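Here is the structure we will look at.
The values are calculated or read from the model by the stated rules, or taken from the named source; none is laboratory data. What you see is a predicted model; the values in this text were computed from it and never measured. Ideal geometry is used to build each Cβ from the backbone, glycine not excepted, and the neighbour counts take in all protein chains shown. Side chains are part of the model used for accessible areas, which takes the heavy atoms of the whole protein and leaves out ligands, DNA and RNA. Shrake-Rupley method; radii C 1.70, N 1.55, O 1.52, S 1.80 Å.
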Amino acid sequence: LSARRKTGSDFLPLVATSDAHYLKQEDAFPHDVLLCINTGRTLKDENRMRYGSDQFYVRPPEEMYKLFPGHEAAVQRSQEIANGVDIKLDFKARHFPVFTPPRGKKPETYLKELCEAGLEERYGATAPKEAQARMAEARKRLDLELGVINKMGFASYFLIVWDFVRFAISKNIPASARGSACGAIVSYVLKLSHVCPIEYDLLFERFLDPNRSEAPDIDIDFCQDRREEVIQYVREKYGESSVAQIGTFGTLAAKAAIKDVGRVMDIPLDRVIRLTAMVPAVLNITLEEALQQSPDLRREYDNDADIHKLIDTAMKLEGTNRQAGTHAAGVVIANGPITDYVPVQRVLRKGDDNGNR
């Protein structure tokens, strides 16, 4: 394929390319099967989506030069374009959204104020002597934790989580932290968690260790019936273009690959069920491992041409993404358009014409 377009008084140089949808020519059949899996069709369906040839693979340079004799410069130019692409990704840099405290306060100052108020509410309602001892211990631990949080630059992070949990509580939406975040007294006094870490001797360092550069991980559970209200609040606060739910991908595991490929190839269902039963019940087992561990599966593979082709194709497709979905609660908040930070995809839900990012 080639293209030439005039721009002003100049012409863009000619480039020779080849449309590619799979890596090698022998991948054409597995790719055809994958199309059938994704579209709910079988190989016998004459009206199904298909590419019609086995020529949509990534061609090596020598083959491209043979395809375009006399246009060596056009073929070479694709490499020049690749050489001109300079993308450097820093996977260690953090890009937290910005929380704006009221009245121009610094995040560290506002976080301390909220914690002080929560400290009084959580520990100041017992008998005087007991209250003094509990308060002194709690304050000492709070000061220590805030020192670590501020030093590591996570004050805004806690304020962001506090803000949407505060919204949920104000709307009577059940919400609570779980996991290692319950080891922080900051979580307790901000009402992110409802477990006193002092009473249950929980460690703050398990949640946030100053000797490691890892970001804190506060897992918050919301009532599933009203979780969307909290997500919508976050969208409105930080902007629709800055908030998206985390995507998920369902991959083809060993048994699922056999079932899907068997359906596409019109292998009788009872035979497919017997084959999947021969795959050992081992977590994350591959078909190659299953052939080594299961004599029955190996026998079927060696003695039946249809089963041999089914399993060979399933092994090619094993681990590929079968479908995209949306995480039940994981949300990304960006400090600006989210497309500046992560790739996005719209997932169409039933009855939703616009899709959700």
Please tell me if Gly319 is at positive phi, surrounded by fewer than 17 Cβ atoms within 10 Å (Cβ to Cβ), in contact (Cβ under 8 Å) with a residue 60 or more places away in the chain and out of contact with any strand residue (DSSP E or B) (no Cβ under 9 Å at 6 or more places or on another chain). no
Taking the stretch 237-270 as the search range and keeping residues that are hydroxyl-bearing (Ser, Thr, Tyr) and open to solvent by 20 Å² or more (accessible area, probe 1.4 Å), which one is nearest to Ile333 (Cα to Cα)? Tyr238
When the stretch 147-160 is examined, which residues are found to be open to solvent by less than 10 Å² (accessible area, probe 1.4 Å) and either assigned to a helix (DSSP H, G or I) or touching a Gly at 6+ places or on another chain (Cβ under 7 Å) (or both)? Ile149, Ala155, Phe158, Leu159
So which residues in the stretch 48-106 are assigned to a loop (DSSP other than H, G, I, E, B) and aliphatic (A, V, I, L, M)? Met49, Val58, Val85, Ile87, Leu89, Ala93, Val98
Among the numbered criteria (1) open to solvent by 40 Å² or more (accessible area, probe 1.4 Å); (2) farther than 17 Å from Glu116 by Cα; (3) part of a loop (DSSP other than H, G, I, E, B); (4) out of contact with any helix residue (DSSP H, G or I) (no Cβ under 7 Å at 6 or more places or on another chain), which single criterion is violated by Gln232? (3)
Of the residues that make up the stretch 286-303, is at least one open to solvent by less than 50 Å² (accessible area, probe 1.4 Å), closer than 30 Å to Cys223 by Cα and at pLDDT 90 or above? no
State yes or no: is Leu317 under 19 Å from Gly40 (Cα atoms) and among the hydrophobic types (A, V, I, L, M, F, W, C)? yes
Go through (1) β-branched (Val, Ile, Thr); (2) within 30 Å of Asp225 (Cβ to Cβ); (3) open to solvent by less than 60 Å² (accessible area, probe 1.4 Å) one by one and return the number of the condition Ile169 breaks. (3)
Mind listing whichever residues of the stretch 107-139 are small (Gly, Ala, Ser), in a helix (DSSP H, G or I) and either farther than 16 Å from Asp163 by Cβ or open to solvent by less than 40 Å² (accessible area, probe 1.4 Å) (or both)? Gly118, Ala131, Ala133, Ala136, Ala138
For the stretch 67-104, which residues satisfy the criterion of being under 30 Å from Ile338 (Cβ atoms) and touching a residue at least 24 places away in the same chain (Cβ under 8 Å)? Ile81, Arg94, His95, Phe96, Pro97, Val98, Phe99, Pro101
Which number in (1) in contact (Cβ under 8 Å) with a residue 12 or more places away in the chain; (2) within 20 Å of Gly118 (Cβ to Cβ); (3) not basic (Lys, Arg) marks the one condition that Gly147 misses? (1)
Qualifying position, being surrounded by fewer than 17 Cβ atoms within 10 Å (Cβ to Cβ), modelled with pLDDT of 90 or more and small (Gly, Ala, Ser), among Gly70, Gly8, Gly52, Gly104: Gly70
Which one of Val261, Val230, Val279 is touching a Lys or Arg at 6+ places or on another chain (Cβ under 6 Å) and not acidic (Asp, Glu)? Val279
Please specify each residue of the stretch 222-236 satisfying the condition of being touching a residue at least 40 places away in the same chain (Cβ under 8 Å) and charged (D, E, K, R). Arg226, Arg227, Glu229
Of all residues in the stretch 174-194, count the ones that are open to solvent by 50 Å² or more (accessible area, probe 1.4 Å) and part of a loop (DSSP other than H, G, I, E, B). 3
If Leu159 satisfies every condition in (1) over 21 Å from Gly330 (Cβ atoms); (2) of a type in the set (A, V, I, L, M); (3) in contact with a Pro (Cβ under 7 Å, 6 or more places away or on another chain) but one, which is the exception? (1)
Which numbered condition Phe204 misses (of (1) within 27 Å of the chain's Cα centre (by Cα); (2) surrounded by 14 or more Cβ atoms within 10 Å (Cβ to Cβ)): (1)
